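Quick notes on the structure that follows.
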Amino acid sequence: MALKNSVPRSLRGPVGLLSIVVALLGVIIGYIYVLFGISLYFKLIPQMESTMSTGESLIVLVTGIVFFVIGYAGWRGFNYFAY
């Protein structure tokens with residue numbers, strides 16, 4: 001039995017709405033983290049040059065990519081439950 005069929009029809013709308021919220025938040029937060037991680041890696045922020053190492057900036061970058069993946073999963077969930 002598919003997951004869509006096991007969720008009651010009355011809950012499909014709220015689950016779809018929750019999924020689109022997860023998608024939007026994941027993409028927005030992921031975008032911020034990725035841009036911040038790239039800026040830290042290439043030392044584009046002079047105030048942060050001496051406080052963060054290259055490894056820490058890569059951790060920020062990978063965290064942003066993880067948020068993008070969470071956002072993509074939310075988008076897939078929205079498409080699954082909304083249609």
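Here's a check for you: in the stretch 34-78, which residue that is of a type in the set (Phe, Trp, Tyr) and in contact with a Ser or Thr (Cβ under 8 Å, 6 or more places away or on another chain) is farthest from Leu3 (Cα to Cα)?
Tyr41
Close Cβ contacts (under 7 Å, 6 or more residues apart or on different chains) running from residues in the stretch 57-73 that are under 16 Å from Leu35 (Cα atoms) to residues that are assigned to a helix (DSSP H, G or I) and of a type in the set (Phe, Trp, Tyr) comprise Ser57/Tyr41; Leu58/Tyr41; Val60/Tyr33; Val60/Phe36; Leu61/Tyr41; Thr63/Tyr33; Gly64/Tyr33; Phe67/Tyr33.
Of all residues in the stretch 13-32 being modelled with pLDDT of 95 or more and out of contact with any Phe, Trp or Tyr (no Cβ under 6 Å at 6 or more places or on another chain), which is nearest to Thr51 (Cα to Cα)? Top of the filtered list is Ile32. Of all residue pairs spaced 6 or more apart or on separate chains, those with beta-carbon atoms under 6 Å, a first member in the stretch 36-49 that is exposed (fewer than 14 other Cβ atoms within 10 Å of the Cβ) and a second member that is polar (S, T, N, Q) are Ile45/Ser39. Those helices (runs of 4 or more DSSP H) of the chain in which at least 2 residues are touching a Gly at 6+ places or on another chain (Cβ under 7 Å), considering only elements entirely within it, cover 9-41, 54-82.
Okay, residues lined up against (1) more than 17 Å from Ile70 (Cα to Cα); (2) among the β-branched types (Val, Ile, Thr):
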position: Ser10; (1), (2): yes, no
position: Val15; (1), (2): no, yes
position: Ala23; (1), (2): no, no
position: Tyr31; (1), (2): no, no
position: Ile38; (1), (2): yes, yes
position: Met52; (1), (2): yes, no
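The values are calculated or read from the model by the stated rules, or taken from the named source; none is laboratory data. None of the values given here were measured: they were computed from a predicted structure. Neighbour counts are summed over all protein chains in view; Cβ atoms, including those assigned to glycine, are modelled from backbone coordinates with ideal geometry.
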